Every structure is written in structure tokens, then in C-alpha cells.
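Have a look at the structure below before the remarks.
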Amino acid sequence: MGTKSIEKWQYGDFQTPFDLARKVVEVLKRNHGLSPDFVIEPTCGRGAFVLAAYEGFEDSTILGFEINTKYVSETNSSLKRISATNRVAVNEADFFTTDWGTILSRLHGYILIIGNPPWVTSSELGILNSKNLPEKSNFQNRKGIEAITGSGNFDISEWMLLQHINWLSKREGAIAFLCKYAVARKIMRQVRQYSGHRFLGHIYSIDAKAHFGASVEACLLVLTTDTGNADCGVYESLDAVEPSHIIGERDGYIVRDVTRYEKWRCLRGQDPRYIWRSGIKHDCSRVMEFEPVGNGYKNGLGEFIKCEENYIYPLLKSSDIGNGRVTSYRKVVLITQKAVGEDTSQIKELAPMTWKYLIEHREYLDKRRSAIYRNKPVFSIFGIGDYSFKQWKIAVSGFYKKLKFNLVGPLGGKTVVFDDTINFLSFDTAEEARFVYRLITSDPALEFLESMIFWDEKRPITTEILRRLSLKEVARELGELVQYQGWNETQTVRSTGQMELGVSERKSKYKASASN
């Protein structure tokens, strides 16, 4: 990487096109009626926002600051070319060391803080040993070692935006910044928690690929000092004059679309009978996942192996579930336990070839970094239980940007298992699975779930969100409560029978041991 590229990376240097800056100023005037006394651009770069603000806010004083000496010179040259008056000034300044309190104390009236802060994270700057960082602090209220060291990864723009909010904590003004969509939502969460709901939020989607060549969900975040409920209007573009939906907090949840959520609020509730789970976690795909080849298998290391079939199960991954490929499988997985913490030494007697394979590849499994494997039986896995081995399942990918549920039955005479990127429900019978599938894929259920899902998240669909839906209430809404209760009674009888069988087996074992 060249010097220029490293410098651009460490300063998060995505210069704002002038046309985009001008569009932002138009939005602030048209949709929010802003006419500030002062406009501050704390990291003005080549001056796009300084020039757009000077042009658009004819009665405002414009103050620009920038750490890069070359950019300061370029901006001042641009202002000179348009014969700018003394109501605009651009000076060299380091955001992290500047005494902003003193500067702000000299300004009276309504302040607009505008700009495009660095699109870079603290960990990326750490890789570069960059000094372009704020002092470490626990501003995100992290726990444990990250709170002690201030070492948690965060977007620099998030930290800077919170400083701007603090600047306006006791005065009137507005903030208008280009940032990642995820950063905007984090900021709104912080505003709800700590600013006494002094700010109203507005998010305008922008095309980061077109404007910056960046493949990331981005937006214009506008915060205005006002009393309100801290809801945040989301606009489809900078041309929109009305929000397409409202982000807000309801019933303790941050929801993406409050209108839809409130419409189907009656469907919320915990459903103890149907519990969403995540798939198998083993953290060693090269050793634990195989591709069927002839009469045997090939692992991720390219080795051809043979193992007993009683520990091998068909595996479906996110790409399979996300694309509806559920009638065949491309991979299988080695399942070493039927419950978390189960003794794995029995594999040696029950499946000697499998045990030999695991011993030969133990070094890979022992290198798994996650703390969950510590002090657990050798070759342990997680995300495993009775639910993993039920014949029928309803599954949805946590990673894919669509709410696509799949009904999955046995393949090759064996129950199908999933990797840990998939969320699923499990059932004993196809009939019950089909009934629940009909509930989950109904319009009320889908609308309720989609009202809470933020599609820009890396893993938008989580078990935590899915568990907010009460299938009992969905059945009530669809007029199928009697059938739901019928399955509930069947499940109760089945569970009681299994418990009685277990008690009987334990009594028999006790009598046998007593007679000996």
C-alpha cells in the first residue's frame, strides 16, 4: 500500500463531492427550515461543505477546520476564486486536540455543525499505528476488559458525533453529518439514553457507492435540538420530503418501523413451546465438515477419509437456506455430542474410525480460540441438544437480507442439522411443522418481524428478534387458536410420556443395581 493510500485510510478520507454537499444544504433548508447564525465544519477536507454552506446560507458565518495543511490551502484558494467575503474562514486544526469549548463560547445564536467525519474504525487505525485517535474512554459503556482499557472497536465518526451532541447539550442548533447507517442508529440509541430526548432525528439514505465508491450502507444524519419522543424519520433519498418509515423505541425494543410494529403489537410475547435456536457451532470447518465423495468423504484439508455414519449428519448452511436449497445437501458434518458437555470418549468404542480421525486432527480442534471450549470434553461442540435431532425444522438464514423461511425434513433418511448462522424451530412431526410454517409465513407474522429487523446489520435476523413473536397470538389472529391448542395438548402428552418412561428406566436400573 502506497503512502497516499495509507494516509487516506488513517484519516478516513472520503472527500464529499460538491454536488452532494449542495444537496445536503438544500435538504436542511427545504425539510428543516434551517437558517443558522453559524455553520461549523470541524473536518472540512477540501471544503465541499464550506463552499455549499457559504452558497446556501447567505446570512450565516461559516467556520471550517481541517488537519491537512494542503486541504486548508486548497479550500482557501477555492474561496478566493469566488471572491468570498469575511463571513467565511478556514483554519488548520486537529479535531482531537482543539479547544472546542473556547471556540464555541465565542459564538452566539443557532449553530449548525455539518460535515463528513472520517469513515474509519479505531481498530483500523491501531493496525496503522496512527495517532489520529481520540483518548481512550468507555464512551460506549462497555463491560469487562474493554471498559478497563478502552480497547473496544468503534467508528471514529461515532465518537466525534457524540462530541457534537455534547456541544449542543445546552444550546440551540443542529447536526448534519454523512456517516454509515449503522453509526447513525448507534447515535440515536445514545441520544435516547443520555440526552434527555433533546434531539429529533432524521436519516436520509444516500448511495455511498455512487458518491464515494464505498460498498456500505450510508446516510445523512440530521439531529435538531427539540423536545420530542426521540423517534427518527427515515427518508428514502435526499429528494424525499416525507419519511418512508419511523425508527423508534417501543416496549423496550428499538424497532425499524414503528407504524407496522404498532399495527401488529398484539402478536408480541414469549412462546415457551416454540423456541428459536441457532445451529451447530464447532469453529473448525476444515476438520468437522465433509464433502461426500464416492463411498467416503473429503474434508476441508483435501483429505479423503472414512468414518462411521452414526456420527455424520446432512448439513445445510446459510447459502442453502437463503436460496431455498433444502431438498438436497452438499456437505455433511461430524456431530460429536448430543448435548453440550456430553462425554465424548464413548466415540472410541462406538465409532473407532471416527475416534481415530478426531485424534489425528486434534491439534486443529485444540487451537480453537473461543473460551467456550475451555474445560469442556475433548472435541466438544455447541448449539446442540434434543432439538437438533428432531426430524422436521423451520429454518431461516441469519445473514441473508430477506425473511425467507424454509420447511426442512429428513434427507437421506437422516435428520438435517445447520451451521450457527441459521435460526430454526424443530418438530417431531411433519404435520405440526407445516401448521407452524403456515403461521410464521402469514402476512401478520412477517410484517411484525420485518418491523423490527434492520437489514443493514451484518446478521439482521437473530433468535432474539424471532422470539418476540408469539405463535399463539398469530394463531389467534388467524382464527386457528383451537388447532394451536390441539398441538399444545399433543406435545404435553408426548412430553409426559417421555418423562414417565425416563422415570421407569431409572427405577429399573436402581432395582438392578440393588439386586446386585
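Taking the stated definitions as given, is Leu334 over 17 Å from Val378 (Cα atoms), of a type in the set (A, V, I, L, M, F, W, C) and open to solvent by less than 50 Å² (accessible area, probe 1.4 Å)? When the stated conditions are applied, Leu334 does not pass them.
Being open to solvent by less than 30 Å² (accessible area, probe 1.4 Å) and over 30 Å from Phe454 (Cβ atoms) is true for just one of Thr421, Thr415. Which residue is that?
Values: Thr421 fails: over 30 Å from Phe454 (Cβ atoms).
Matching residue, one of Thr421, Thr415: Thr415.
The condition of being basic (Lys, Arg), open to solvent by 20 Å² or more (accessible area, probe 1.4 Å), modelled with pLDDT of 95 or more and part of a helix (DSSP H, G or I) holds for only one of Arg434, Arg494, Arg506, that being Arg434. If I filter segment 354-369 for residues that are touching a residue at least 60 places away in the same chain (Cβ under 8 Å) and closer than 30 Å to Glu432 by Cβ, do I get at least one hit? Looking for residues that are touching a residue at least 60 places away in the same chain (Cβ under 8 Å) and closer than 30 Å to Glu432 by Cβ, one finds none in segment 354-369, hence no. Pairs linking a residue in segment 462-478 that is open to solvent by 70 Å² or more (accessible area, probe 1.4 Å) to a residue that is assigned to a loop (DSSP other than H, G, I, E, B) and not charged (D, E, K, R), with Cβ atoms under 6 Å and 6 or more positions apart or on different chains, are Arg467/Trp276. Does Ser215 satisfy the condition of being without any contact (Cβ under 8 Å) to a residue 60 or more places away in the chain and surrounded by 15 or more Cβ atoms within 10 Å (Cβ to Cβ)? No; evaluated as a whole, the condition is false for this residue. The C-beta contact set for segment 18-31 (first residue more than 11 Å from Ala176 (Cβ to Cβ), second residue part of a helix (DSSP H, G or I) and open to solvent by less than 10 Å² (accessible area, probe 1.4 Å), distance under 7 angstrom, 6+ apart or interchain) comprises Phe18/Ala52; Arg22/Ala52.
Would you say Asp428 is under 24 Å from the mean Cα position of the chain (by Cα) and either open to solvent by 20 Å² or more (accessible area, probe 1.4 Å) or modelled with pLDDT of 95 or more (or both)?
Details: under 24 Å from the mean Cα position of the chain (by Cα): no; either open to solvent by 20 Å² or more (accessible area, probe 1.4 Å) or modelled with pLDDT of 95 or more (or both): yes.
No: the conditions fail for Asp428.
Residue under question is Phe418, and the condition is that it be in contact (Cβ under 8 Å) with a residue 60 or more places away in the chain and closer than 20 Å to Cys284 by Cα; does it hold? Against the criterion (in contact (Cβ under 8 Å) with a residue 60 or more places away in the chain and closer than 20 Å to Cys284 by Cα), Phe418 qualifies. Restricting the search to helices (runs of 4 or more DSSP H) fully inside segment 13-111 and requiring at least 3 residues that are closer than 30 Å to Glu236 by Cβ and at pLDDT 95 or above gives 18-30, 48-56.
The values are calculated or read from the model by the stated rules, or taken from the named source; none is laboratory data. Everything numeric in this text was worked out from a predicted model, so none of it was measured. As a convention, Cβ positions derive from the backbone with ideal geometry for all residues, glycine included, and neighbour counts pool all protein chains shown. We work out accessible area using only protein heavy atoms, side chains counted, and drop any ligands, DNA or RNA first. Shrake-Rupley method; radii C 1.70, N 1.55, O 1.52, S 1.80 Å.
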